[in-house]
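*Asks:* Quick one: the structure is below, and I'll ask about it shortly.
Nothing in this text is a laboratory measurement; each read-out follows from the coordinates by a stated rule. Being a predicted model, the structure only gives us computed values, none of them experimental. Methodologically, a virtual Cβ is constructed for each residue, glycine included, from the backbone with ideal geometry; neighbour enumeration extends over all protein chains shown.
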Amino acid sequence: MRDRVREARADATREMVIEAAWDLSRREGLTGWSLRQLADEVGLKAPTLYAYFDSKHAIFDAMFCQAWRALGELSATWPVDTDRPRASLRAGARSWFAFSTAELVRFQLMNQRIINGFEPSPEAYAASVASYEHYTAQFAAVGITDQAHLDLWTAMCSGLASQQLANDPGGERWERLVDDAAELFCNHVGLPPDPPLMEQG
């Protein structure tokens, strides 16, 4: 019983440290804070952090895993209508764009190599693989399986999000292009037009 209580407290402290690391990253950038600052944020002495994370990279690893799991959970809610694949891809692109542009530091950690020497652990990387596999299954459901096409889609969506974050944070300049880009992609891969929606009433 005591062991379970102790482990629950340790888990709660680890979660608190991770959330504080996200908060510091939003204020200072991913590479702009120290373990001493992080310890101060959560009311611990810097050496005590090592009881929960053995390095700063271990904290980044936990953040990376958390971010990809969040995207995986979100992507599981994306509807895939095999009768209306173009509408499905547009909806998926909008949802991914919104997730990506909501948090600059999260996007950087997930998609860019800006932390010198950081490589995700196998466990953390598995979260990104699981998210990607869910996405490829959704594309396969509408007949898109060519790896080059999947790569084109990720490059297109990541590029739009990157441009939005870099040049118009909080705005709509590149957001307005998401549907058009999805349609261009659908044309490129040869998806047929969606049938018209049936009117109700």
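*Asks:* Please list, in chain and number order, the residues 5+ apart from ASP194 or on another chain whose amide H is under 5 Å from its amide H, with Hs placed from the backbone.
*Replies:* ARG86
*Asks:* If I model a spin label as a point 7 Å beyond the Cα along the Cα-Cβ vector, how far apart are those points for MET198 and GLU175 in nm?
*Replies:* 3.4 nm
*Asks:* Against the longest principal axis of the chain, how steep is helix 178-189, in degrees 0 to 90 to the nearest 10, with axes from Cα atoms?
*Replies:* So the helix axis and the longest Cα principal axis differ by about 60 degrees.
*Asks:* In whole angstrom, note down how far apart the Cα centers of the stretch 15-92 and the stretch 143-184 are.
*Replies:* 22 Å
*Asks:* Also: Please list 3J(HN,Hα) in residue order for the stretch 83-94, calculated via the Karplus relation 6.51 cos²θ - 1.76 cosθ + 1.60 where θ = phi - 60°; whole Hz, with x for glycine and proline.
*Replies:* With the stated coefficients, the stretch 83-94 comes to 7, 9, x, 5, 5, 5, 5, 4, 5, x, 5, 5 Hz.
*Asks:* Quick one: among PHE118, PHE60, PHE107, which has the greatest mean-square fluctuation in a GNM of the chain with alpha-carbon springs under 10 angstrom?
*Replies:* The residue that fluctuates most here is PHE118.
*Asks:* Starting from the Cα-Cα distance between LEU74 and ASN116, subtract it from 0.36 nm times their residue separation and give me the gain in nm to one decimal.
*Replies:* Values: separation 42, 0.36 × 42 = 15.12 nm, distance 2.89 nm.
Gain on extension, LEU74 to ASN116, equals 12.2 nm.
*Asks:* Please report the net charge: other residues with Cβ closer than 14 Å to the Cβ of ALA12, K and R +1, D and E -1.
*Replies:* Local charge sum for ALA12: 0.
*Asks:* If you don't mind, another one. Using the Karplus curve 6.51 cos²θ - 1.76 cosθ + 1.60 with θ = phi - 60°, work out ³J(HN,Hα) for each residue of the stretch 15-30 in order, rounded to whole Hz, and write x for Gly and Pro.
*Replies:* Here the 3J(HN,Hα) series is 4, 5, 5, 4, 5, 5, 5, 4, 4, 5, 5, 5, 7, 10, x, 4 Hz.
*Asks:* Quickly estimate the mean residue ellipticity at 222 nm for the chain, helices only: each DSSP H run with n ≥ 4 gives -39500 (n - 2.57), and the total goes over all residues, rounded to 500. Mind showing how you got there, number by number?
*Replies:* On the way: 8 runs with 134 residues, N = 201.
Result for the chain: -22500 deg cm²/dmol, rounded to the nearest 500.
*Asks:* Which longest run of the chain has no exposed loop site in it, a site being GluC sites (Glu not before Pro) in a DSSP loop with at most 11 other beta carbons within 10 Å, and the site itself not part of the run? Kindly include the intermediate steps, with their values, before the conclusion.
*Replies:* Working: sites that count: GLU172, GLU199.
Here the longest segment lacking exposed loop sites spans 1-171.
*Asks:* Can you run phi through the Karplus equation (6.51, -1.76, 1.60; θ = phi - 60°) for the stretch 96-107 and list ³J(HN,Hα) in whole Hz, with x for Gly and Pro?
*Replies:* 5, 4, 4, 4, 5, 8, 6, 9, 4, 5, 5, 4
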